[in-house]
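Engineer: Mind looking over this structure? Questions follow.
Read-outs throughout are calculated quantities, based only on the coordinates presented, and are distinct from any laboratory measurement. Quick caveat, the model's predicted, so the values are computed rather than measured. Cβ placement follows ideal geometry from the backbone for every residue including glycine, while neighbour counts extend to all protein chains displayed.
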Amino acid sequence: MRTLRLAAAAAALALAVVTASAGPASAIAVAVGSGSGLAGQTVDIDMNVATTLTGLNVMSLQYQISYDPRYITPTAMIIAGTLTGTAAWPTPTFGITPVSVGQSFLKVSAAGSTALAGSGSMLKMRFVIDPAALTAVNVGLNQSNFVFNEGSPSVTTTNGTISIGNTPVITVSPDNVELIRGQTQQYTVSGTVTPPVQWFTTNNAVATINSSGLLTGVAPGAVQVFAVDNAGRRDTTNGTAVIRGMGITLTPTSGLVNSTLQVPITVTSLTGLGIRAGQFTVTYNGTYGTAIGVTTPAGTLLNGWGTVGFGSFLNNGTGSATVDFVGSTDLSGSGVLCYLQFQSANGLPAGIGGTFTQALFNETLVAKPTNGNITFTALPSITVNPDQVTLLAGQTQQMSISGSPTNPITWSVLDPFVASISPTGLLTALHGGVTQVKAVDNVGATDLNTAVTVYDFQATVGTVTGAPGATVRLPITSDRFVGGLGIYSMQYTLSWVTLHPAVQSLPSSLIGTWGPGSTIDGPGLTSIQVAAAGATPLPNNGKDLAALEFQIPLTAISGQDFGLSLTSLIFNEGYPRAQIVNGLLRVRSTTGVEDGGQAAFALSPAQPNPAHGSTRVHFSLPVAGHVQLEVIGVDGRRVRTLVDASMTPGDHEMVWDGRDESGQAVAPGLYFDRLSSAGRTLSHRIVLTR
């Protein structure tokens with residue numbers, strides 16, 4: 001019997017050798033299978049053969065797989081249910097060879113005493129997915145160096161893949177919070193959550209959390225928060241929930257520039273913390289403000305409690321103020337701890353900030369800070385009206401304020417010699433000169449008008465009428481007696497256009513009292529310069545300051561009017577000052593006589609018109625009688641009466657200085673002059689500007 005078995009075995013072996021040597025000409029297709037999983041899971045990958053191995057006498061195999069070790073790790077070889085398991089081969093051996101961070105080789109060897117038969121999975125490779133691989137990625141399984149037996153039969157290879165899916169996780173938020181004891185913070189969990197969720201803190205003595213994730217601060221300290229859902233998924237905050245014993249706040253405060261601000265420093269409840277000392281530091285922009293002190297008035301927690309210190313310094317534009325305090329009893333309660341005092345700098349509006357750089361109580365308890373902004377706002381805008389004022393000595397002008405003033409207003413003038421002003425803003429002209437009116441409201445808003453020009457009197461060049469070839473007297477008249485002004489010298493220039501009269505100075509005027517010493521230059525031209533001086537001042541016995549005699553050229557054309565302009569009028573060396581009103585030379589073949597030999601009843605248009613301040617009104621009367629010359633507003637209201645008296649026949653002229661009956665300057669606009677006499681009335685328009 002034994003001989004028969006040996007013979008049968010030999011025959012079988014011979015058949016196997018023959019079969020092997022006469023194997024198929026085509027290669028065997030060997031493929032690495034594919035699989036999928038999530039972080040932390042195990043995935044088994046088949047090493048498959050598509051063509052039957054029966055009769056090919058496969059007694060061993062070996063190969064290597066390249067993979068990315070950052071995502072998967074080989075842990076075992078499995079033969080149960082595979083061709084190697086059916087052939088009762090021992091479990092294959094394997095080894096791992098690292099190549100780089102992203103590449104390793106799995107080397108597998110298997111052999112047995114029974115040839116493999118059939119097709120399908122020859123063995124299984126077990127991989128574990130890295131627990132940290134939470135996001136989807138495909139990891140290649142690339143095989144190489146696959147050999148059956150010692151190279152026969154030949155093979156072709158196909159690679160495989162392990163697909164890692166997005167792993168369901170939960171995430172607790174927020175990571176970091178800072179609370180004051182008693183304050184709450186709602187925590188949430190996101191991701192693939194299977195309710196219900198259980199919430200926990202690492203120290204319930206510092207903070208507790210309820211079933212809905214609402215955290216409540218209990219005492220100073222720090223905890224982490226973690227949650228576990230019903231599927232066992234768990235997450236812990238990366239940061240901590242810091243619980244402070246108290247909060248400290250710089251209350252946002254604003255005020256006007258050039259003012260001192262009291263900035264409240266408030267705290268939450270200090271009760272039960274045993275606070276007997278503390279210190280805080282606030283930094284700010286020192287370019288526009290300065291911390292000048294600390295106050296603890298009644299109602300503040302530090303009022304009467306202990307010793308309070310203050311320090312301040314400025315470094316490269318950054319200001320710093322430090323307040324420290326210490327007492328012998330526990331501080332309790334909440335509210336205003338103290339007030340920091342700040343004063344604006346440079347008079348410029350700006351926000352200077354207010355940031356706590358430290359806030360420490362009892363040297364160990366850090367307070368939760370809330371910063372604020374200290375703001376200095378611009379003063380309200382105010383404007384002094386009118387912006388420019390021209391007055392004669394003795395006249396008044398009511399000044400006013402527009403804009404957003406805060407009463408009361410303090411009025412002043414820069415040069416009190418020129419003018420004075422009352423507490424109500426009534427300006428009174430005193431002496432010739434230029435000054436300005438200044439107004440300051442109750443919060444420091446300030447404005448100056450542009451100019452107040454005061455003249456000591458008004459000097460008017462007369463308006464005269466004459467026929468060609470006639471000689472006329474041209475006076476320069478003051479509106480008041482000047483004997484008290486101490487005038488010892490006078491010089492002026494009088495000019496006109498195209499007319500070339502013969503001119504000489506007449507003694508019949510105030511400067512005639514100085515004798516024949518007057519000089520006149522440029523006669524016959526279009527201007528003359530006159531200078532006169534005396535050893536005594538001009539007296540009070542008249543108002544004609546000077547007088548000239550004009551001989552009108554025969555070539556002058558009747559009906560023409562020539563303006564007479566007075567310039568460079570100087571008394572003494574510049575004082576007193578005179579306001580100039582220019583005149584007119586009217587050339588007429590007659591002096592306004594009508595055909596019946598009687599002077600015409602006439603009213604000439606005011607000159608100048610439009611008028612800036614003063615204007616002249618010329619009129620003529622045929623007979624003596626009562627005359628009214630008035631200035632009327634557009635509403636028919638009488639603004640000013642210039643004449644209300646009996647007058648002689650002939651030419652007359654009056655000056656309206658742009659003021660009403662009370663001496664107040666009227667508003668710019670349209671007015672009318674109205675001449676009435678003997679039942680007749682004439683009127684012209686006057687446009688007044690400022």
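Engineer: Once the Cα atoms of region 531-689 are picked out, what are the Rg and Dmax in Å?
Structural biologist: 17.9, 53
Engineer: Next question. Mean residue ellipticity at 222 nm from the helices of the chain, using -39,500 (n - 2.57) per DSSP H segment of n ≥ 4 over the full residue count, to the nearest 500 deg cm²/dmol? Walk me through the numbers before you get to the answer.
Structural biologist: Working: 2 runs with 24 residues, N = 690.
Result for the chain: -1000 deg cm²/dmol, rounded to the nearest 500.
Engineer: Sort region 378-487 into rounded, prolate or oblate with this rule: let a ≥ b ≥ c be the square roots of the eigenvalues of the Cα gyration tensor; rounded if a/c is under 1.5, and if a/c is not under 1.5, prolate when a/b is larger than b/c, oblate otherwise.
Structural biologist: prolate
Engineer: Can you list the aspartates and glutamates whose alpha carbon sits under 19 Å from that of K368, skipping same-chain ones fewer than 8 residues off?
Structural biologist: D175, E178, D324
Engineer: Can you compute the modelled spin-label distance between L360 and M654, with each label point 7 Å from Cα toward Cβ, in nm?
Structural biologist: Those two pseudo-labels are separated by 8.9 nm.
Engineer: Using square roots of five times the C-alpha gyration tensor eigenvalues, list the equivalent-ellipsoid semi-axes of the chain in whole Å, biggest first. Walk me through the numbers before you get to the answer.
Structural biologist: On the way: eigenvalues 2812, 320, 95 Å².
Equivalent ellipsoid of the chain: 119, 40, 22 Å, largest first.
Engineer: With the contact rule set at Cα under 8 Å and sequence spacing of 6 or more, what percent relative contact order holds for the chain? Spell out each step's value before the answer.
Structural biologist: Numbers: 1823 pairs, mean separation 49.0, N = 690.
Result for the chain is 7 percent.
Engineer: With contacts defined as alpha carbon pairs under 8 Å and 6 or more residues apart, what's the relative contact order of region 247-377 in percent?
Structural biologist: Values: 357 pairs, mean separation 54.5, N = 131.
It rounds to 42 percent for region 247-377.
Engineer: Could you give the length gained on full extension between A531 and I570, defined as 0.36 nm per residue of separation minus the Cα-Cα distance, in nm? Walk me through the numbers on the way to the answer.
Structural biologist: Numbers: separation 39, 0.36 × 39 = 14.04 nm, distance 0.94 nm.
Difference between extended and current length: 13.1 nm.
Engineer: Related question: Taking DSSP loops as anything outside H, G, I, E and B, show the longest stretch in the chain free of GluC sites (Glu not before Pro) there with at most 10 other beta carbons within 10 Å.
Structural biologist: That gives 151-362 as the longest site-free run.
Engineer: Let me ask something else about it. With 10 angstrom as the radius, rank V434, V366, V634 by how many other C-beta atoms surround their C-beta, starting from the fewest. Let's see the in-between values first.
Structural biologist: Values: V434 13, V366 16, V634 10.
Neighbour counts put them in this order, fewest first: V634, V434, V366.
Engineer: Report, in degrees rounded to the nearest 10, the 0 to 90 angle that the Cα long axis of helix 2-21 makes with the longest principal axis of the chain.
Structural biologist: The angle comes out at about 40 degrees.
Engineer: Turning to a different aspect of this structure: How big is region 44-120 in terms of Cα radius of gyration and Dmax, in angstroms?
Structural biologist: Calculated on Cα positions, Rg and Dmax stand at 13.8, 43 Å.
Engineer: Still on this model: Rounded to the nearest whole Å³, what is the per residue volume of the convex hull around the Cα atoms of region 247-377?
Structural biologist: On the way: hull volume 11.4 nm³, N = 131.
Looking at region 247-377, the number lands at 87 Å³ per residue.
Engineer: Return the FRET efficiency for the residue pair T42, T184: r is the Cβ-Cβ distance, R0 is 41 Å, and the value is rounded to the nearest 0.05.
Structural biologist: On the way: r = 44 Å, r/R0 = 1.06.
Plugging the Cβ-Cβ distance into 1/(1 + (r/R0)^6) gives 0.40.
Engineer: Continuing with the same structure: Would you work out the relative contact order for region 65-159, in percent, from Cα pairs under 8 angstrom that are 6 or more residues apart?
Structural biologist: Numbers: 156 pairs, mean separation 35.3, N = 95.
It comes to 37 percent, rounded to a whole number.
Engineer: With only Lys, Arg, Asp and Glu charged, each at its Cβ (+1 for the first two, -1 for the last two), find how big the charge dipole of the chain is about the Cα centre; round to the nearest 20 debye. The partial results should precede the final answer.
Structural biologist: Working: 28 positive and 34 negative charges, 434 e Å.
In total the dipole reaches around 2080 debye.
Engineer: Right, next: For K124, go through the aspartates and glutamates and keep the ones whose alpha-carbon is under 12 Å away, minus same-chain ones fewer than eight residues off.
Structural biologist: Leaving aside aspartates and glutamates fewer than 8 places away in the same chain, those within reach of K124 are D44, D46.
Engineer: I'd like to compare 676-685, 320-329: which one has the highest average count of other Cβ atoms within 10 Å, and what's the full order after that?
Structural biologist: Details: 676-685: 13.3, 320-329: 17.0.
Ranked from most to least packed, the peptides come out as 320-329, 676-685.
Engineer: Still on this structure: Taking R0 as 41 Å, what's the FRET efficiency between F313 and T406 from their Cβ-Cβ distance, rounded to 0.05? It would help to have the intermediate numbers written out before the result.
Structural biologist: Numbers: r = 34 Å, r/R0 = 0.84.
Using R0 = 41 Å, I get an efficiency of 0.75.
Engineer: A further question on this structure: What are the lysines whose alpha-carbon lies under 27 Å from the alpha-carbon of K438, with same-chain residues fewer than 8 places away excluded?
Structural biologist: none
Engineer: Which of the listed residues, T648, Q628, A665, is farthest toward the dipole's positive end in region 602-690, when Lys, Arg count +1 and Asp, Glu count -1 at the beta-carbon?
Structural biologist: Result: A665, furthest along the dipole toward the positive end.
Engineer: Using Cβ counts within 10 Å as a stand-in for footprinting exposure, how do D644, D441 rank, fewest first?
Structural biologist: On the way: D644 11, D441 20.
Sorted ascending by nearby Cβ count, the order is D644, D441.
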